[in-house]
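Engineer: This is the structure I have questions about; it appears just below.
The values are calculated or read from the model by the stated rules, or taken from the named source; none is laboratory data. This is a predicted model, so every value here is computed, not measured. Here Cβ is always computed from backbone atoms with ideal geometry, including for glycine, and neighbour counts include all displayed protein chains.
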Amino acid sequence: MRYSSIEILMGAVVLVTAIFFLIIGMQSIDTKQKDGYNLSLIFGSSAGLRNGDDVKISGINVGKIINLDLDPEDYNAKIKIVVKSEVKIPDDSSARITSSSLLGGNFLDIIPGSSETYMKSNDVIYDTSDSVSFMEMLGKVIFSKQ
């Protein structure tokens, strides 16, 4: 089977274009948090969070999740995050797990408090809200008595 030179040329163009977009995509990924301070959060359930998921305040990325662990004493989820050093979080802040779409993709949302004192490295946020499972809500609606 013989290939024409146009087919070979078009294949090469497609291959070079794919490599170009792969390089551009890899350069745009911010995989490391450059600087910041660590915080811990205690949740009843981590509800689909993963290492590397975003931490947001008012919809703006301010950090990343760096570790998910189970507390062996009370079986709660202990989540460690790193927050950009220029972002100061009041010590009466709360947090919740929020989904970014119906298809999944959870992130950690911090709701800033009104305190004049700010959290320091290795502080813990205890005022947290677990995410509401879509399947649990659907089950309650379907099986609730009318």
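Engineer: Is it true that some residue in region 4-13 is touching a residue at least 40 places away in the same chain (Cβ under 8 Å) and either within 30 Å of Pro112 (Cβ to Cβ) or in a loop (DSSP other than H, G, I, E, B) (or both)?
Structural biologist: Step one: of region 4-13, the residues touching a residue at least 40 places away in the same chain (Cβ under 8 Å) are none.
No: region 4-13 contains no residue that is touching a residue at least 40 places away in the same chain (Cβ under 8 Å) and either within 30 Å of Pro112 (Cβ to Cβ) or in a loop (DSSP other than H, G, I, E, B) (or both).
Engineer: Now a separate question. Filter region 39-71 for residues that are over 16 Å from the mean Cα position of the chain (by Cα) and farther than 19 Å from Asn122 by Cα and give the result.
Structural biologist: Passing the criteria: only Gly44.
Engineer: Could you go through region 73-89 and let me know if any residue there is in contact with a Gly (Cβ under 7 Å, 6 or more places away or on another chain) and modelled with pLDDT under 85.
Structural biologist: Within region 73-89, none of the residues are in contact with a Gly (Cβ under 7 Å, 6 or more places away or on another chain) and modelled with pLDDT under 85.
Engineer: Follow-up question, since we're still on this one. Could you list, in sequence order, all residues of region 64-92 that are under 22 Å from Gly48 (Cα atoms), touching a residue at least 12 places away in the same chain (Cβ under 8 Å) and not in a strand (DSSP E or B)?
Structural biologist: Asp71, Asn76
Engineer: Considering each residue of region 103-125, count those that are modelled with pLDDT under 90 and not in a strand (DSSP E or B), and give that number.
Structural biologist: 1
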